[in-house]
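Undergrad: Starting off with a structure, shown below.
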Amino acid sequence: MDLLIYTADQCDPKRCTGRKMVRFGLARTTKRYNRLRGRLVLSPFSERALSPADRSEVGRGLAALDCSWAHAEEVFGTVRLKARALPFLVAANPVNFGKPFKLSTVEAFAAALVILGERPQAEEILAKFSWGHVFLELNQEPLAEYAAARDSREVVAIQAEYLSQDI
């Protein structure tokens, strides 16, 4: 699946997972907002959760907006495209390890790929990061459940079960 990253140039270049994906030819980058059209954009502020039913909505591929979490709302607030939010998952990246919903760009893409039935590609992109396999291990159970869901409502119901547990 084609992966496109819209970059806001706000991340530390040494820690930016999006830049590393581009260096390895696993994704492309753009600074032109109009290139996101025809793609499913991963946005933590979308009102709909990503589900396997969105496979038909992917179109030209997936897109992620690569920015600092400190400026996420400001950057994502401008998105007026077909967007989906990822459900509850825990970050494995060194900057936000163990924090729910604070995924890096590569983690967001990997989660979306697993949910959409593209696990081999998710494993491929995570393999470039020493901690990449940890993301799949930490989130093995929820990712499997989200990938088996029928639609966004079912994903939200599964997420609610995880959020109601003492973590």
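The values are calculated or read from the model by the stated rules, or taken from the named source; none is laboratory data. These figures come from a predicted structure and were not determined experimentally. Every residue, glycine among them, receives a Cβ derived from its backbone with ideal geometry; neighbour counts consider all protein chains shown.
Undergrad: Inspect all residues belonging to the stretch 96-107 and state whether any of them is at pLDDT below 95, over 13 Å from the mean Cα position of the chain (by Cα) and not in a loop (DSSP other than H, G, I, E, B).
TA: So far as the stretch 96-107 goes, no, none of its residues is at pLDDT below 95, over 13 Å from the mean Cα position of the chain (by Cα) and not in a loop (DSSP other than H, G, I, E, B).
Undergrad: Further question: Which one is nearest to the chain's Cα centre (by Cα) among residues in the stretch 82-95 that are closer than 22 Å to Gly59 by Cβ and assigned to a loop (DSSP other than H, G, I, E, B)?
TA: Checking each candidate, the answer is Leu86.
Undergrad: For the stretch 111-167, list the helices (runs of 4 or more DSSP H) that sit wholly inside it and hold at least 1 residues that are within 17 Å of Gly98 (Cβ to Cβ), acidic (Asp, Glu) and out of contact with any strand residue (DSSP E or B) (no Cβ under 7 Å at 6 or more places or on another chain); which are they?
TA: 132-138, 140-148
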